[in-house]
Each structure stands twice: as C-alpha cells, then as structure tokens.
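What follows is one structure encoded as structure tokens, with my remarks underneath.
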Amino acid sequence: MSPETSMLAALQVPVYTTDCDGNITFFNEAAAAFWGHRPEVGSSRWCGSWRLFNPDGTPLAHEECPMAVTLREGRSVVGVEAVAERPDGTRAPFLPHPSLVRNSSGEVTGAINLLVDLSDREGLDLQQERLAAIVSSSDDIIISKTLSGIITSWNAGATRILGFTADEMIGQSITRIIPSDLLHEEETIIAQMRRGKRIEHFDTERLARDGRRVNLSLTVSPLRDRAGRIVGASKVARDIIERKQGDELQRLLFDELNHRVKNMLATIQAIAAQSLRRATSPQEFGLSFTGRIQALGRAHDLLVRGHMKGTDLISLLQEQVVLGSTEETRISLSGPMVKLEARVAVQLALVLHELATNARKYGALSVEGGTLAIDWSISSAEEPELCICWTEGGAPEPAPGATAGFGTMLIQRTMEASGGTAIIGYRQDGLFCEIRLKLGDAKYDTPAEAALFRFNERIEARAPRTHLDPASRNAV
C-alpha cells in the first residue's frame, strides 16, 4: 500500500478513488461503514452506494452521480447533495467532493471523492427548528445582541412584554430599552460577557414602548462563534411584576400583622385587667374574659376569610349576636350592605359581644317573649356615617340600683377609639343603644341605592330612633 493510500485509509471520513472509467480502486473503512456494505474493487462503478437518490427523493442513477459527472466532463462538481441508501434500507444524506487525479504529466488517471455525512446536520437542523419554536413561543423575553450592544434577535415574548416588534428593534442599540439611570448596568453586563461569565437572576428594569418601567429578572450568557470566540450575548428576561407585587404584599401583610398583634395584645391586656378588677369571683372572671376573647376570635375568623381586608356588618352581626343560629326567631336584622375595614370590625365585634352577652344574661333574650331588633342605616351627609340601632323588647326590669358596669365602659371607650359614639339607655321594655361610626374608606351602598338585608323580618317592634340621654340608667 502506497503512503498516499495509507493516509486515505487512516481518515475517519468516507473517501474512495476510481480509475478513469469510474471503477472503484480503493475505499477506506469509513466509506464502507457509510455505504453499509463493501463494494467490489475493480467492478463497482462511480459510487459504492447501494442506491442513490436526489434530495427530493427521486432516484439518481449512478452514472449521473457527481463522481460520474466529474470524470465524464473533466470538472469538479461542487455543492450538489445526494442521498445514499444502504442494503438495510436506511438512508443518509451526503455532500460529495469529487476531484480529478492527474499524473506528473497532467493526464487524468482517475478521481478521488470525499463524502461528508449530513445525517448529523439534519438532526442539528431539527434541533435548531425545535429551539427556534421554543424561543418563538416563549412567554419570556429572549433576545441576542453583539458585544457592541446591537440587537440581532427579538422574540414574540419581548414584543408581548415590552411592546416593540422585532422589525423595530433588530439592528437597534439595546440601550433603547434601558432607563437612563440604569445604563451603567449594560457596561457591567458586557464586561462580564467579554470574560465569558454568565449572569443569572439579575433583577432590573427595562422600558416598554409606552414608557413604563417593567420589572425583569435577567439571565445573560455569552455567545461564541465556531472558533470559540465570544461575539455577543443572549438574554432571557422574565417579567417579575407579579413576584414584586407579591413581595410587597407580603411585606405589607407582615407589617399589618405586627401592628394588629400589638394592638390585639394591648386589647387583651386591657380586657383582662378590667375583667379581673370588676369580677367578684374567679369563675366570673373566667366566663367574662373567655367570652370576650372568643368574640375577638370570631371577628378574626371573619377577617381571615376576607384575607384581612375587612368584613361586612351582616356577617359580624350573625357571628357576634345571632351566633350562627338559623333558628333564633327573636332576633331581627335589617340594613344595607356595609363593608367594614379590619380595625373597625374588631372593635365593633367587642361592642356587639358586650351587648349580646348582656341581652342573654339580663335583657330581652334572657326571658321568653323577649325580642331584639338591630337596624342600621347610612346618613347622606357630606361625611357618611353608619348608625346602628340596638332595640330590645319585652325585657325584664333592671334590678333596683343597677349602675353602669364594665361592659358599658368597654362599649363607650371602644367606640371613642374608633372615632364613633355609643349612647346606651333603658326604655320601658328594654335596653336601647345607638352606635354611630364614620365610614371613611369603608364600602357601602349609598342611601339611594341601598337594598335592605332582612333577617327574621316578622319582628315588627321597633323603638323610635331618637338620641338618648347618656345619663339614663342601664343594665349593661
């Protein structure tokens, strides 16, 4: 074997030679593996492939293959692809590189053909198509740019989030979407890219078409050419506005929780101190203190169900007064929709608990035939005000010498802390209480559009809604 033939045999790519008539004179092992068989040297012509096809799938005769054309026409055939079929039926696309072989006198003595297997290219093309589809359909921003900051690709996700189209942005500087006060970030990013370093989860802002600053999390990777040189950068940016909003909401919730816990502990401490001071026995203290804490607990259950944004007055009344019973026929509720903010709801819960406890122990709900009517309305004044009227009927006479207790003081101080008032008095057949609260930012139906909620509407007894003398004797 000549040195030249030994060199060809050692090559890892398919290569073979023919004489002037196209008879195969040599092929290496890579060529045999590519063809899937070993053609007969000296009798097989033009090409060792079992069968040949054009790229479009039409048959290609061996005498029309690039090697045959080169020998017949005395010229090299460049860039003409073909498909080889092996004996087992598998096919492989390839790019032949046939060249004439001449002796020292310049006479053609044969030809040599090097075959480039394009099977991997098809797989690469398929992979590139899949990657292109992923980039195109991604909800995230995916763009690429040169090291000088010129945008070279712009996907649909970038258009959706920032509003600019690919036609508008490709060829433009990346600084077009960077706020002026953040331009220094681009210098840092490019410096990192030149050093071949990847940047991950870098939170920043970019400008949308309408001028908005969009919160994004960037991942930036260097782009290399075939020689391994860094020629640009690819950026994947995820819209993190929802995460930012979630973080802010979490911070606000923690602050609010801290504030509420402190307030709640102060309230509990005050209730415990006053309950203990007024109690005549440990048992009385236990019952009164436990009841008030349970009232706070029920109010907080309502607030939690409303994500701590407040609760409606109807739910508060049903929890604190009706106590969730659907069979309580002696209590009636009537009034428009009112959504109370959390702080006011907790304070009003304590007031309603004190009134309801008194009604069940000493007032109208402590005797058969006693009734309780709770009506509320909203004033149409410049600063809307909620008025709640608590009217008991058929209640027993208060004990001689009864005076205001801790419940009365708790109600009045609680309402004062909420910026409201509570007037408590006793009429001929029961206790009456008028509570007034400034609504502020609370949600409510205006007087003109209010649709009344009614619970046990058949109870008709109502006391006239007039102010009471704060000095009236009471049993609370």
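The values are calculated or read from the model by the stated rules, or taken from the named source; none is laboratory data. Computed from a prediction, not measured in an experiment: that's the story for all the values here. Here Cβ is always computed from backbone atoms with ideal geometry, including for glycine, and neighbour counts include all displayed protein chains.
Within region 33-55, can one find any residue that is touching a helix residue (DSSP H, G or I) at 6+ places or on another chain (Cβ under 6 Å) and either of a type in the set (Phe, Trp, Tyr) or outside the structural domain of Ile112 (by TED's automatic domain parsing) (or both)? Within region 33-55, one or more residues are touching a helix residue (DSSP H, G or I) at 6+ places or on another chain (Cβ under 6 Å) and either of a type in the set (Phe, Trp, Tyr) or outside the structural domain of Ile112 (by TED's automatic domain parsing) (or both).
Looking at region 280-298 only, could you name the residues that are modelled with pLDDT of 70 or more and among the hydroxyl-bearing types (Ser, Thr, Tyr)? Within region 280-298, Ser281, Thr290 meet the criteria. What tally of residues in region 149-163 results from selecting those that are surrounded by fewer than 19 Cβ atoms within 10 Å (Cβ to Cβ) and in contact (Cβ under 8 Å) with a residue 12 or more places away in the chain? Adding up the residues that qualify gives 7. When Leu352, Leu302, Leu316, Leu348 are checked against the criterion of being under 30 Å from Ser380 (Cβ atoms), assigned to a helix (DSSP H, G or I), at pLDDT below 70 and in contact with a Leu (Cβ under 7 Å, 6 or more places away or on another chain), a single residue qualifies: Leu302.
Across region 225-257, the qualifying residues are those that are over 18 Å from Ile151 (Cβ atoms) and basic (Lys, Arg), and the one among them that is surrounded by the fewest Cβ atoms within 10 Å (Cβ to Cβ) is Arg226. Scanning region 416-451 for residues that are in a loop (DSSP other than H, G, I, E, B), of a type in the set (A, V, I, L, M) and at pLDDT 55 or above yields Leu439, Ala442.
The sole residue among Thr25, Thr70 that is over 15 Å from Val83 (Cα atoms) and in contact with an Asp or Glu (Cβ under 6 Å, 6 or more places away or on another chain) is Thr25.
Please tell me if Arg194 is at pLDDT 90 or above, farther than 20 Å from Ser153 by Cα and out of contact with any helix residue (DSSP H, G or I) (no Cβ under 8 Å at 6 or more places or on another chain). It is false that Arg194 is at pLDDT 90 or above, farther than 20 Å from Ser153 by Cα and out of contact with any helix residue (DSSP H, G or I) (no Cβ under 8 Å at 6 or more places or on another chain). Has region 166-177 got at least one residue that is aliphatic (A, V, I, L, M), within 20 Å of Asp210 (Cβ to Cβ) and surrounded by fewer than 17 Cβ atoms within 10 Å (Cβ to Cβ)? Within region 166-177 (the criterion being aliphatic (A, V, I, L, M), within 20 Å of Asp210 (Cβ to Cβ) and surrounded by fewer than 17 Cβ atoms within 10 Å (Cβ to Cβ)), the answer is yes, since at least one residue qualifies. Checked against (1) within 18 Å of Gln318 (Cα to Cα); (2) at pLDDT 85 or above; (3) out of contact with any Cys (no Cβ under 9 Å at 6 or more places or on another chain); (4) of a type in the set (S, T, N, Q), Thr391 passes all but a single condition, namely (3). Picking from residues in region 173-216 that are without any contact (Cβ under 8 Å) to a residue 24 or more places away in the chain and in a loop (DSSP other than H, G, I, E, B), the one that is nearest to Gln245 (Cα to Cα) is Arg212. Here Val322 clears all of (1) under 16 Å from Leu348 (Cβ atoms); (2) among the β-branched types (Val, Ile, Thr); (3) modelled with pLDDT under 75 except the condition numbered (3).
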